[in-house]
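Derivation of every value follows stated rules applied to the coordinates shown; laboratory data play no part. Here the structure is a predicted model, which is why all the values come from computation and not from measurement. Because the Cβ atoms are built from the backbone with ideal geometry, glycine has one as well, and the counts that use them run over all protein chains shown.
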Amino acid sequence: MAAIKTVGVIGSGQMGNGIAHVAALAGFNVVLYDVSADRLKSAMATINGNLTRQVTKKTITEDAHKHALARITSSDSLDGLAACDLVIETAVEKEEVKRKIFHDLCAVLRPEAIIASNTSSISITRLAASTDRPEKFIGIHFMNPVPVMELAELIRGIATDDATFDAARAFVTAMGKQIAVSEDFPAFIVNRILLPMINEAIYTLYEGVGNVEAIDAAMKLGAHHPMGPLELADFIGLDTCLSIMQVLHEGLADSKYRPCPLLVKYVEAGWLGRKSQRGFYDYRGDKPVPTR
């Protein structure tokens, strides 16, 4: 299999623009795709701002900043991904949405191109089955925020061949990331451990054991976590947290993974965390204020 030179990224949100940023900085040509031209414009501004911050911190040079930006092009048509060697999907954590994207993507890709999903929980084997190339499909789960976090999980589906795995591993390594290889079980390694902890913190709030501030302070000061679990849930997105817990609950059929009713209520209210300005904290003022 030829080396990966051009990478497509589907979705220009926080994960998508982060992957595009790091891939371009590592020397790959990147095509960033989104259905919305406005979101693409916003994503390019975010990437430029984050690169500028790295220059200010002297973690990269101004030349590296300029060259990385020059390697990224944007497209609001899937046809723009036709020449890519690897395409990484970063869409919402809903299986039906991802399957539709992969179906449409296969029609424009070259037969030898690799497809990857950045899913944080959904079966790679099932997603691969919605494509015309399950042997060239793999899970590459980057951590958020991508420019900062050192880890990426690699997950093979049942049909993923060795050449695809080796190419994905070489790509992730070239981006400067450390790799954890996970079997294709619900939520893989990181979220299999992390999300039940967050869900338990929400139960702790739901049952009145402590308020938002007490729970977050307890885990930051008592367990030396850099963020409290409720603060982290807001950062991830409460809708994403709920989706992952639902995948765990349905996939493993164990009541210990039942999503907390309070998490469900917040998502139903549209209180999704930082991205909606309200979650376990209200972000609309000068500083975050707990909502419970």
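Considering the chain as a Gaussian network with a 10 Å cut-off on Cα pairs, which listed residue, Ile202, Ile193, Ile244, attains the greatest mean-square fluctuation? Checking each option, the largest mean-square fluctuation is seen for Ile193.
Based on Cα contacts under 8 Å between residues 6+ apart, the range 192-290 shows a relative contact order of 26 percent. Put in line by how crowded their Cβ is, counting other Cβ atoms within 10 Å and starting with the fewest, Leu232, Leu238 read Leu232, Leu238. Where only DSSP H runs of four or more residues are counted, the chain gives -14000 deg cm²/dmol as its mean residue ellipticity at 222 nm, each run worth -39500 (n - 2.57).
Within a 10 angstrom radius of the beta carbon, how do Lys66, Lys220 rank from fewest other beta carbons to most?
Going from sparsest to densest Cβ surroundings: Lys66, Lys220.
Footprinting exposure proxy ranking of Arg156, Arg169, fewest other C-beta atoms within 10 angstrom first, gives Arg169, Arg156. When +1 charges are put on Lys and Arg Cβ atoms and -1 charges on Asp and Glu Cβ atoms, the dipole computed for the chain relative to its Cα centre reaches about 600 debye.
Rounded to the nearest 20, the size of the Cβ-charge dipole of the range 1-151 about its Cα centre is 300 debye, with Lys and Arg at +1 and Asp and Glu at -1. Using every pair of separate Cα atoms, the Kirkwood estimate puts the hydrodynamic radius of the chain at 19.8 angstrom. With a ≥ b ≥ c taken as the square roots of the eigenvalues of the C-alpha gyration tensor of the range 1-85, please select rounded if a/c is under 1.5 and otherwise prolate if a/b is larger than b/c or oblate if it is not? The shape class here is oblate. Between the listed residues Ile215, Val97, Leu205, the Cα displaced farthest toward the positive end of the dipole of the range 87-215, a dipole computed from Cβ unit charges relative to the Cα centre, is found at Val97. Shape of the range 140-290 from the C-alpha gyration tensor: prolate (a/c of 1.5 or more and a/b above b/c, with a ≥ b ≥ c the square roots of its eigenvalues). Here the range 192-290 is assigned +1 on the Cβ of each Lys and Arg and -1 on the Cβ of each Asp and Glu. Its dipole about the Cα centre then comes out at about 140 debye. Comparing Cα centroids, the range 231-292 and the range 109-182 end up 26 angstrom apart. Span-like helix check, the chain: qualifying full DSSP H segments, with Cα axial length of 20 Å or more and mean Kyte-Doolittle of -0.5 or more, are 37-56, 190-206, 238-252.
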